[in-house]
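Just below is one structure, and these are the notes that go with it.
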Amino acid sequence: MTSVGWGYDVHAFGGLGPLVLAGVIIDPDRGLAGTSDADVVAHAVCDALLGAAALGDLGQLFPSSDPRWLGADSMALLGDVVTRFVGAGFGVLHLDVSVVAERVRIAPHRTAMRERLAATVEVGIERVSVKATTTDGLGFVGRDEGLAAVAVVTASRPA
C-alpha cells in the first residue's frame, strides 16, 4: 500500500532565537515564536508523516496547552513521530519540503537540513528534498513577519 501525507506549519518571527529549521540553526539572533523551538520544517514533516499513516496530528500528540512542550526540540518530537510511523508499519519513500520565506536563505543550509531530516526519518539523503520560495512580497511572509513550511511524504506499508 502507498499513501501520501501533507503537512503545513507557520510561525511568526518574534522569538529570541535562534531560528531553527530541520534542526539546523539558520540565524542565531532571530527566532520564531512558538511553544516549542518553532521549527516549522520539523512540524510540517511531523504532520505529513502522521497524515500518511492516519495517526492524527501534531496538536493531538503534543498540545501547545501542555507545559511539557515549552521550548521542546522539534526534531526530538519528529523522532517520536517517526517511531509511531514505523511502529504502524510504514516507511518513507520520499520526503519533499518547501520553506516559504521572504528574506531567510535556505541554500547555504540545504545539505545540512537534508542530512538531519534523512537521519531522523531513517532514509537516505537521496529521498529527501528541501527547497525554498518567496511570496514576492505578498502577505505576512512577504512582509517578513514569519515563515511557513509545507511537507509532502510518500509512504509505503506492506498490504
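The values are calculated or read from the model by the stated rules, or taken from the named source; none is laboratory data. As the structure is a computational prediction, the values presented were derived from the model and not from experiment. When we count neighbours, we look across all protein chains shown, and the Cβ atoms used for this are built from the backbone with ideal geometry, even at glycine.
The table below lists the values:
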item	result
Filter result (out of contact with any Leu (no Cβ under 7 Å at 6 or more places or on another chain) and surrounded by 20 or more Cβ atoms within 10 Å (Cβ to Cβ)) within the range 85-96	PHE90, VAL92
Helices (runs of 4 or more DSSP H) (entirely within the range 45-150) containing at least 2 residues that are closer than 20 Å to GLY31 by Cα	74-87, 110-121, 139-142
Selection from the range 48-84 of residues that are at positive phi and either hydroxyl-bearing (Ser, Thr, Tyr) or surrounded by 12 or more Cβ atoms within 10 Å (Cβ to Cβ) (or both)	GLY56
Whichever residue in the range 1-26 is modelled with pLDDT under 95 and part of a strand (DSSP E or B) and, among such residues, is farthest from SER74 (Cα to Cα)	GLY14
Matching option when the condition is within 16 Å of ALA38 (Cα to Cα), at pLDDT 95 or above, in contact with an Asp or Glu (Cβ under 7 Å, 6 or more places away or on another chain) and crowded, with 19+ Cβ neighbours inside 10 Å, among ALA101, ALA148	ALA148
So ASP39, is it under 14 Å from the mean Cα position of the chain (by Cα) and without any contact (Cβ under 8 Å) to a residue 40 or more places away in the chain	yes
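Here's the yes/no breakdown for (1) more than 14 Å from VAL81 (Cα to Cα); (2) buried (at least 17 other Cβ atoms within 10 Å of the Cβ); (3) not small (Gly, Ala, Ser):
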| position | (1), (2), (3) |
| --- | --- |
| MET1 | yes, no, yes |
| ASP9 | yes, yes, yes |
| ALA12 | yes, no, no |
| GLY23 | yes, yes, no |
| PRO28 | yes, no, yes |
| VAL40 | yes, yes, yes |
| CYS46 | no, yes, yes |
